[in-house]
Amino acid sequence: MGRKLGLGDVGPWYSMALEGLQFPAPGTSMTEEDKGVQEICALAALTFFRTFGAEQFASLMHSPADGQTYETVLNLLKVLKEKEVIKYRPGVTLLERVIADVESHDKQEHSVGEVYRDLFLGENKEGS
């Protein structure tokens, strides 16, 4: 069973995840620092998708009242990949996993430790 996740329980971390899935208006320039912050926020969002289960977190992220659907969230993830927001190679791999999980409505939850190992210890294996 998926964890019960109330938006109040997530607080500022949920806001950070939302920031990671937003893009500046066309024609708006971003500094390198802005791009770095967006990448960090996007990685935070992906961590939530992976730990809470992609299907469950994607369902929380869309707002039917605003005309958003589950597909809206999936499309945002695909745009993250297309725009190459995430440069960190293990982060790109995580993004690809999350996209596949959202596409298949995967409910599998993963520990933060497992995501950490994928993001940071996996890089050391690739570099050796």
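Every number in this text was worked out from the coordinates using simple rules, so none of it is lab data. Computed from a predicted model, the values in this text were never measured in an experiment. For neighbour counting, all protein chains shown are included, and Cβ atoms are generated from backbone atoms with ideal geometry for every residue, glycine included.
Quick look at the values:
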read-out: Prolate/oblate/rounded call for the range 38-128, Cα gyration tensor, a/c under 1.5 rounded; value: prolate
read-out: Protection proxy ranking of 72-79, 30-37 - average other beta-carbon atoms within 10 Å, highest first; value: 72-79, 30-37
read-out: Amide H contacts of G53 (H built 1.01 Å from N, under 5 Å, at least 5 apart or other chain); value: H110
read-out: Relative contact order, percent, the range 57-99 [alpha-carbon distance under 8 Å, six or more residues apart]; value: 29 percent
read-out: Packing-based order for 107-113, 63-69, using average beta carbon neighbours within 10 Å, highest first; value: 107-113, 63-69
read-out: Listed peptides 84-92, 39-47 by packing density, highest first (mean Cβ within 10 Å); value: 39-47, 84-92
